[in-house]
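Shown next, in structure tokens, is the structure this report addresses.
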Amino acid sequence: MKNMRTSQYRKKQSATVTDSYKHKKDSVCSLCGSSLFAKYTFTRHLINLENKSKLSVQVRGCKNVDCTNHTARLKPVVYQNQIVPESAYGIDVYALIGHLRMSDRKTIPEIHREMLEAYPHLEFGERHVENMLNHLNLCIEQSGKNADYLSAYFSSRSQDKLLLSIDGVQPEQGHQILYIVREVQSGKILWSSYSRYSDAASLEKTILLPLQSLLEKAKLSVVGWVADKELAISKAIGSVYPNVAFQHCQTHFLAAMKAPLANDDTEIGKTLKKNLVR
Ligand SMILES: [Zn+2]
């Protein structure tokens with residue numbers, strides 16, 4: 001039988017999912033509170049552990065011409081939280097590679113083989129895994145240790161007020177959690193570290209306090225925090241940054257808001273019914 005393969009290179013599969021990321025309709029500038037205007041929408045591919053997707057991402061700017069965010073390209077936070085700048089692969093792919101290397105001490109060929117077995121749609125080569133590991137090492141090394149670098153980076157954007165988000169990624173149940181602190185407007189990762197503990201006291205001691213002293217050294221001030229509904233994170237932020245605005249991630253926040261509303265709704269329904277019967 002003739003060899004069915006026409007080329008030695010396998011054709012890569014195309015995206016299986018499409019998704020779009022938009023700013024909330026009434027979202028305002030985190031620096032000056034003005035409303036935002038739509039700049040443009042771009043499309044890109046993102047490959048994460050789950051699938052390969054084609055995303056459309058909305059970019060906005062601040063309407064206030066005197067604000068540094070006027071010329072900035074603001075992307076939705078939910079989008080920022082899952083990407084690695086200038087990489088086609090999602091942050092969860094990086095987290096898993098990092099975990100296999102740093103916690104499980106696997107070699108690059110082992111990591112490559114295991115990942116392709118578990119997630120065939122990743123379709124990357126061994127060399128790529130190595131590049132991603134180098135990138136990851138650099139991020140971990142750089143994060144939280146270099147005030148001069150951060151100060152130069154943000155002054156090049158003429159930005160001295162930071163809006164931070166914190167998120168915990170757990171590549172595999174029961175293993176260490178990778179915490180990532182990111183500046184929302186620039187997308188810059190300020191801190192990433194693995195932690196075995198997720199209680200408020202540990203988060204405070206291992207992430208928030210060292211980060212706070214770093215940012216003080218860099219003369220950068222924090223004007224807001226965004227986090228998911230995880231109680232330990234809110235508690236830790238509240239104690240280290242008691243006077244800084246704290247906001248739950250919109251998606252998580254709305255989900256949490258819905259629960260009591262649904263209850264009230266049922267109560268109103270009951271009362272109404274009672275009154276109508278009378
Ligand atoms: Zn503004």
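Structure values in brief
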| quantity | calculated |
| --- | --- |
| Any chance ALA236 is modelled with pLDDT of 90 or more and of a type in the set (Gly, Ala, Ser) | yes |
| Selection from region 68-93 of residues that are polar (S, T, N, Q), more than 16 Å from the ligand (Cβ to nearest atom) and modelled with pLDDT of 90 or more | SER87 |
| Residues that are under 23 Å from LYS25 (Cβ atoms) and within 16 Å of the ligand (Cβ to nearest atom), drawn from region 38-67 | ALA38, LYS39, VAL59, ARG60, GLY61, CYS62, LYS63, ASN64, VAL65, CYS67 |
| Test: residue in region 182-189 that is surrounded by fewer than 14 Cβ atoms within 10 Å (Cβ to Cβ), at pLDDT 85 or above and in a strand (DSSP E or B) | no |
| Any hit, region 241-264, residues being modelled with pLDDT of 90 or more, outside any strand (DSSP E or B) and not polar (S, T, N, Q) | yes |
| Of all residues making up region 99-116, the number that are over 13 Å from LEU49 (Cβ atoms) and either among the aromatic types (Phe, Trp, Tyr) or part of a helix (DSSP H, G or I) (or both) | 8 |
| The one condition in (1) at pLDDT 90 or above; (2) closer than 24 Å to VAL222 by Cα that SER56 fails to fulfil | (2) |
| Some residue of region 139-157 being surrounded by fewer than 19 Cβ atoms within 10 Å (Cβ to Cβ), under 24 Å from LEU49 (Cα atoms), modelled with pLDDT under 90 and not aromatic (Phe, Trp, Tyr) | yes |
| Failed condition for ILE111, given (1) under 22 Å from the mean Cα position of the chain (by Cα); (2) at pLDDT 90 or above; (3) of a type in the set (A, V, I, L, M, F, W, C) | (1) |
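The values are calculated or read from the model by the stated rules, or taken from the named source; none is laboratory data. Because the structure is a prediction, the values reported are computed rather than measured. Because the Cβ atoms are built from the backbone with ideal geometry, glycine has one as well, and the counts that use them run over all protein chains shown.
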